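**Q** My structure is below; once you've seen it, I'll send some questions.
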Amino acid sequence: MQMKPYRIGTRGSPLALAQASETRARLMAAHDLPEEAFEIVVLSTKGDRVTDRPLSEIGGKGLFTEEIEEQLSDGRLDLAVHSTKDMPTSLPDGLDLIAYLEREDVRDAFIGRTAPRLEDLPPNAVVGSASLRRQALIRRLRPDLSVITFRGQVETRLRKLDEGQADATLLAHAGLKRLGNTEVITELLDPEKFPPAPGQGAICIEARSNDERIAQLLAPINHVDTHVALMCERAFLAALDGSCRTPIAGHATIEDGHLSFYGMVLTPDGSVWHDIRTTGPAGDAAELGADAGAEIRGRAGPAFFETWA
Ligand SMILES: NCc1[nH]cc(CCC(=O)O)c1CC(=O)O
């Protein structure tokens, strides 16, 4: 008897589709299964439909996940592929991030139309970005620039840049690589000066927490060091109550069982920031991230977090 295909949920953007295909290819290879063993189910989310306002304004958790998570919960989907960066720290009851694919490059890419490097832009040049973290980091490094909100899929943002709506924009290197569109990049930003978002560059797979069959399906494609790094970054984010309204950066790396983490919080105007560096055994990943978040919270004081409200 023919088995029913595993149903993989995804958003419909070119990046989301590329990530779902990559996940399917890894599952096919890991289990020696044909393509027909998987069905990619494309769902539209609120975040995809509302494109005329900044994400931070539309608000609400899980803007890009609600419709997909409903179908995971009720069994219409078996797994869902996401950019970890877009995932809230708390998921609906009964769902978990079960596996992470090996992380791509975490760096942000600078795409300069009128100058190749962030430091070469003339005063008052316009940089378009939808991300509060990128906006705040640009203002921190270059308070003389003008930052505007750029939303939409990667392709839309590049089109806006081409049309001259801005002198430069920033996008995740990982996404551009997955779209085969790296030739637009004019500079890769140093993660020490321009730290990435927690989760950037990592594809995660969400499924029902108690579904043993899916857990076994996913186990061979989980990349352990990526998983551990992401536990730390997401614990940091959770300790800071991070949402898409908040400029937070965080990046953990693992080497020989040893974790190093660098995190930063900023005011939206980039004028005040607090950063932290920590290291420890990879086995303590979540604790290291949570402690780093608590320490920054204490150091910054409550007034700092009011700038986020
Ligand atoms: N919020 C959109 C989003 N979510 C994940 C990526 C890139 C891929 C990744 O970080 O894994 C992007 C686009 C971007 O930031 O350029």
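**Q** Can you find a residue in region 82-101 that is closer than 22 Å to Pro268 by Cα, surrounded by 20 or more Cβ atoms within 10 Å (Cβ to Cβ), at pLDDT 95 or above and of a type in the set (A, V, I, L, M)?
**A** no
**Q** Quick one: how many residues across region 198-251 are of a type in the set (Lys, Arg) and assigned by TED's automatic domain parsing to the domain that holds Ser83?
**A** Qualifying residue count, region 198-251: 2.
Matching residues to (1) aliphatic (A, V, I, L, M); (2) within 30 Å of Pro143 (Cα to Cα):
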residue	(1), (2)
Arg213	no, no
Asp241	no, yes
Ala249	yes, yes
Gly283	no, no
Gly293	no, yes
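**Q** What is the number of the single condition among (1) out of contact with any Gly (no Cβ under 9 Å at 6 or more places or on another chain); (2) crowded, with 21+ Cβ neighbours inside 10 Å that Ile248 does not meet?
**A** (1)
**Q** Of all residues in region 69-104, which are more than 10 Å from the ligand (Cβ to nearest atom), touching a residue at least 40 places away in the same chain (Cβ under 8 Å) and more than 24 Å from Ala30 (Cα to Cα)?
**A** Glu69, Gln71, Ser73, Pro88, Thr89, Ser90, Leu91, Gly94
**Q** Condition first: without any contact (Cβ under 8 Å) to a residue 40 or more places away in the chain, surrounded by fewer than 20 Cβ atoms within 10 Å (Cβ to Cβ), more than 20 Å from Ile98 (Cβ to Cβ) and touching a strand residue (DSSP E or B) at 6+ places or on another chain (Cβ under 8 Å). Can you find one or more residues in region 187-207 that meet it?
**A** no
**Q** Also, quick follow-up: Can you name every one of the helices (runs of 4 or more DSSP H) wholly within region 105-178 that holds 2 or more residues which are within 14 Å of the ligand (Cβ to nearest atom), within 19 Å of Leu15 (Cα to Cα) and under 22 Å from the mean Cα position of the chain (by Cα)?
**A** 154-162, 173-178
The values are calculated or read from the model by the stated rules, or taken from the named source; none is laboratory data. Source: prediction; values computed, not measured. Reconstructed Cβ throughout: ideal geometry from the backbone, glycine too, with neighbour counts over all protein chains shown.
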